[in-house]
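Engineer: Below are the structure tokens for one structure; questions will follow.
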Amino acid sequence: MASIDVLMSRFYSYDTMYSQELREQSFVDWPFREECSCTPEKMAKAGFVHCPSENEPDVACCFFCLIELEGWEPDDNPWLEHAKRFPNCGFLTMKKDFTELTVGEFYRLEQERLKIFHRKVCHMKMAHFRDAIDRTLENMKSLLDSMKGISK
Ligand SMILES: [Zn+2]
């Protein structure tokens, strides 16, 4: 899963990714071509941007809901995979092409995208905080145990 920094840089750079053409261009090194159900064109149509890393070469991320999917198979249908995991994604439920949106509609979509991003960051920070609490409790317990050992 992406770190908060990666998530942040994706969020800020993906405001251009409403363009299907730009999304498709991100799939230059994508292994699934012609005969596959998840060609670059179909991936881009389903809202995905290719964001590979050294260890995860086939990670694709929705520019809107920032959901990350990997482990793609040639027969995977990108739209269905996306809808299975986040049926309410604002991109999937968009009724018209980006070029036909009014300024007001675009503004509301960007608000929604921002809300999803903040929710994700909050969840990640809360998870880090919970881990930190668990670690502190463990440290305190072992400290107490060692103090008990000394007092005996
Ligand atoms: Zn999405």
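Read the figures in this text as sums done on the coordinates, not as results from a lab. All values reported here derive from a predicted model rather than from experimental measurement. Cβ coordinates were reconstructed from backbone atoms using ideal geometry, including for glycine residues, and neighbour counts include every protein chain displayed.
Engineer: Which one of THR16, ILE133, GLN111 is farthest out on the positive end of the charge dipole of the chain, using unit charges on Cβ (Lys, Arg +1; Asp, Glu -1) and the Cα centre as origin?
Structural biologist: So the residue furthest toward the plus end is ILE133.
Engineer: Could you give the distance between the Cα centres of region 1-53 and region 97-146, to the whole Å?
Structural biologist: 22
Engineer: Also, I was wondering about something else. Report the semi-axes of the equivalent ellipsoid for region 4-151 in whole Å, largest first, where each axis is √(5λ) for an eigenvalue λ of the Cα gyration tensor.
Structural biologist: Ellipsoid semi-axes (Å, largest first): 39, 20, 12.
Engineer: Now a separate question. Taking neighbour counts of Cβ atoms within 10 Å as a proxy for exposure, in what order, fewest first, do VAL103, VAL121 appear?
Structural biologist: VAL103, VAL121
Engineer: Relative to the Cα centre, what is the charge dipole magnitude of the chain, using +1 at the beta carbon of each Lys and Arg, -1 at the beta carbon of each Asp and Glu, and rounding to the nearest 20 debye?
Structural biologist: Once rounded to the nearest 20, the dipole reads 1120 debye.
Engineer: So what's the convex hull volume per residue for the Cα atoms of region 81-152, in Å³?
Structural biologist: About 101 Å³ per residue, rounded to a whole number.
Engineer: If contacts are Cα pairs under 8 angstrom and at least 6 residues apart, what is the relative contact order of region 4-151 in percent?
Structural biologist: 19 percent.
Engineer: Explain nothing, just the number: dipole magnitude of region 97-152 about its Cα centre with +1 on each Lys and Arg Cβ and -1 on each Asp and Glu Cβ, in debye rounded to the nearest 20.
Structural biologist: Dipole of region 97-152, to the nearest 20 debye: 560 debye.
Engineer: Sort region 1-66 into rounded, prolate or oblate with this rule: let a ≥ b ≥ c be the square roots of the eigenvalues of the Cα gyration tensor; rounded if a/c is under 1.5, and if a/c is not under 1.5, prolate when a/b is larger than b/c, oblate otherwise.
Structural biologist: Judged from the Cα gyration tensor, region 1-66 comes out oblate (a/c at least 1.5, b/c at or above a/b).
Engineer: What FRET efficiency would be calculated for the residue pair GLU105, ILE133, taking the C-beta separation as r and a Förster radius of 30 Å, to the nearest 0.05?
Structural biologist: The computed FRET efficiency comes out at 0.10.
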